[in-house]
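**Student:** I am attaching a structure below and will ask some questions about it afterwards.
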Ligand SMILES: *Cc1c(COP(=O)(O)O)cnc(C)c1O
């Protein structure tokens, strides 16, 4: 039986054709190494155009590196980062931010639907503390969140204001930034620097690319010496043009938003399909390309026997189903049809 990875994650999908073509275009003879090439320059300029501001742009291999290095760039060992308990930086990066910063800690907050709330940030900031404790130095949110929800413009502005008033740097984990921009129908600047975000991990591997994420410093005073940090961590590609070129294909003609809209639409369709089952309970509002759904254990077993691969992420029965640029209506119909059989087994 062929295993079906259509909804296991958005990183089980392949590479968008636009990025593949851009990669081939960059494969012409010789070019300067370590990011001194024309493709890296062009891709960096395109990132600046997307955000409509003059920002510092760095290419690294993974999202974990983008988060860990950017957070290490803005925090010292005596600092800590405020973030959601379920945030990727706190749960799935093997302590990378702490490691690369030499000891920065995390203050994890609970919050519905994967979001942290200004009141809770305020609460921890108000707690009396002395030299026994690390100093709150940064706040990090994930957009779209680990629960597939999306912070609104107002919510980001509220956190940005709080960060500003309390001398916190504001970091955004944008592993699925495109899905959030597409969902909100806003310009990228509205949910980043205009709302107070200082540094963004701008991911596109999950969305569309083979490898390669971008770190965007909107506050350029925070990126001093940052290139050295990337090199030290082994994240400066010598043939950088092949990391950067796919970004040209991705950003040209807003291909990134087209593909993100598609993935989001697929998730909405999938959620609609699930609603017909009394035994299926959605665990979070479907706002981007993720669907979280509770299904009976026997149904999961039966789906697994039918070849469906996906992750149980919440308790024993809460599944995460991710849609991607390559998800089709047929994948969704197949899944729903098999679910129907699984429920009647
Ligand atoms: C996948 C992901 C990352 C980056 O992970 P890598 O596997 O290191 O590329 C970062 N944040 C979130 C929310 C993610 O889902």
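**Student:** Is there a residue being at pLDDT below 95 and surrounded by fewer than 20 Cβ atoms within 10 Å (Cβ to Cβ) anywhere in segment 77-89?
**Tutor:** No - not one qualifying residue is present in segment 77-89.
**Student:** Is at least one residue of segment 209-217 under 26 Å from residue 6 (Cβ atoms), in contact with a strand residue (DSSP E or B) (Cβ under 7 Å, 6 or more places away or on another chain) and assigned to a loop (DSSP other than H, G, I, E, B)?
**Tutor:** Filtering segment 209-217 down to residues under 26 Å from residue 6 (Cβ atoms) leaves 209-213.
When the remaining residues are screened for being in contact with a strand residue (DSSP E or B) (Cβ under 7 Å, 6 or more places away or on another chain), the result is 212-213.
Filter again for assigned to a loop (DSSP other than H, G, I, E, B), leaving 212.
Yes - at least one qualifying residue is present in segment 209-217.
**Student:** When residues of segment 13-30 are filtered for being at pLDDT 95 or above and surrounded by fewer than 17 Cβ atoms within 10 Å (Cβ to Cβ), how many remain?
**Tutor:** 9
**Student:** Right, here's the next one. Every residue in segment 281-305 that is closer than 20 Å to residue 329 by Cα and in contact (Cβ under 8 Å) with a residue 40 or more places away in the chain, please.
**Tutor:** The answer is 286, 287, 288, 289, 290, 291, 292.
Table: residues versus (1) in contact (Cβ under 8 Å) with a residue 40 or more places away in the chain; (2) within 16 Å of the ligand (Cβ to nearest atom).
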site: 22; (1), (2): yes, no
site: 25; (1), (2): yes, no
site: 29; (1), (2): no, no
site: 47; (1), (2): yes, no
site: 53; (1), (2): yes, no
site: 59; (1), (2): yes, yes
site: 63; (1), (2): yes, yes
site: 69; (1), (2): yes, yes
site: 88; (1), (2): yes, yes
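**Student:** In segment 103-151, which residues are part of a helix (DSSP H, G or I) and either within 15 Å of the ligand (Cβ to nearest atom) or touching a residue at least 60 places away in the same chain (Cβ under 8 Å) (or both)? Give the derivation first.
**Tutor:** Step one: filter segment 103-151 for residues part of a helix (DSSP H, G or I), giving 112-114, 118-126.
If the condition is that a residue be part of a helix (DSSP H, G or I) and either within 15 Å of the ligand (Cβ to nearest atom) or touching a residue at least 60 places away in the same chain (Cβ under 8 Å) (or both), then 113, 114 are the ones that fit.
**Student:** Please go through (1) assigned to a helix (DSSP H, G or I); (2) within 27 Å of residue 157 (Cα to Cα); (3) within 16 Å of the ligand (Cβ to nearest atom) for residue 247 and return the number of the only condition it doesn't satisfy.
**Tutor:** Status for residue 247: all satisfied but (2).
**Student:** In addition: Given the structure, is residue 268 free of Cβ contacts under 8 Å to residues at least 24 places away in the same chain, surrounded by 15 or more Cβ atoms within 10 Å (Cβ to Cβ), out of contact with any strand residue (DSSP E or B) (no Cβ under 6 Å at 6 or more places or on another chain) and at negative phi? Explain how you work it out, then say what you get.
**Tutor:** Working: free of Cβ contacts under 8 Å to residues at least 24 places away in the same chain: yes; surrounded by 15 or more Cβ atoms within 10 Å (Cβ to Cβ): yes; out of contact with any strand residue (DSSP E or B) (no Cβ under 6 Å at 6 or more places or on another chain): yes; at negative phi: yes.
Yes: the conditions hold for residue 268.
**Student:** Which of the numbered conditions does residue 100 fail, given that it passes all the others? Conditions: (1) in contact with a helix residue (DSSP H, G or I) (Cβ under 7 Å, 6 or more places away or on another chain); (2) farther than 20 Å from residue 288 by Cβ; (3) part of a helix (DSSP H, G or I); (4) away from the ligand (no atom under 16 Å from the Cβ).
**Tutor:** Looking at each condition in turn, residue 100 falls short on (4).
**Student:** Now, a different point. For segment 152-188, name all the residues that are surrounded by fewer than 16 Cβ atoms within 10 Å (Cβ to Cβ) and either within 16 Å of the ligand (Cβ to nearest atom) or assigned to a helix (DSSP H, G or I) (or both).
**Tutor:** Those that are surrounded by fewer than 16 Cβ atoms within 10 Å (Cβ to Cβ) and either within 16 Å of the ligand (Cβ to nearest atom) or assigned to a helix (DSSP H, G or I) (or both): 153, 154, 161, 164, 165.
**Student:** Here's something else I'd like to know. Report yes if residue 261 is surrounded by fewer than 24 Cβ atoms within 10 Å (Cβ to Cβ), in contact (Cβ under 8 Å) with a residue 60 or more places away in the chain, within 23 Å of residue 323 (Cα to Cα) and within 18 Å of the chain's Cα centre (by Cα), otherwise no.
**Tutor:** yes
**Student:** Give the residues of segment 193-209 that are within 16 Å of the ligand (Cβ to nearest atom) and closer than 18 Å to residue 44 by Cα, sorted by residue number. Even if it seems obvious, please write down each step before you answer.
**Tutor:** From segment 193-209, those within 16 Å of the ligand (Cβ to nearest atom) are 197, 199-209; that's our starting set.
The answer is 199, 200, 201, 202, 203, 204, 205, 208, 209.
**Student:** Suppose the filter is under 19 Å from residue 141 (Cα atoms), touching a strand residue (DSSP E or B) at 6+ places or on another chain (Cβ under 9 Å) and more than 16 Å from the ligand (Cβ to nearest atom); does residue 222 pass it?
**Tutor:** Numbers: under 19 Å from residue 141 (Cα atoms): yes; touching a strand residue (DSSP E or B) at 6+ places or on another chain (Cβ under 9 Å): yes; more than 16 Å from the ligand (Cβ to nearest atom): yes.
Here the answer is yes, as residue 222 does meet what is asked.
**Student:** Quick one: residue 94 ticks every box in (1) surrounded by fewer than 20 Cβ atoms within 10 Å (Cβ to Cβ); (2) within 11 Å of the ligand (Cβ to nearest atom); (3) in a helix (DSSP H, G or I) bar one, so which box is it?
**Tutor:** Unmet condition: (3).
The values are calculated or read from the model by the stated rules, or taken from the named source; none is laboratory data. Just so we're clear, the structure is a prediction, and the values are computed from it rather than from any experiment. Backbone-built Cβ (ideal geometry, glycine too); neighbour counts: all protein chains shown.
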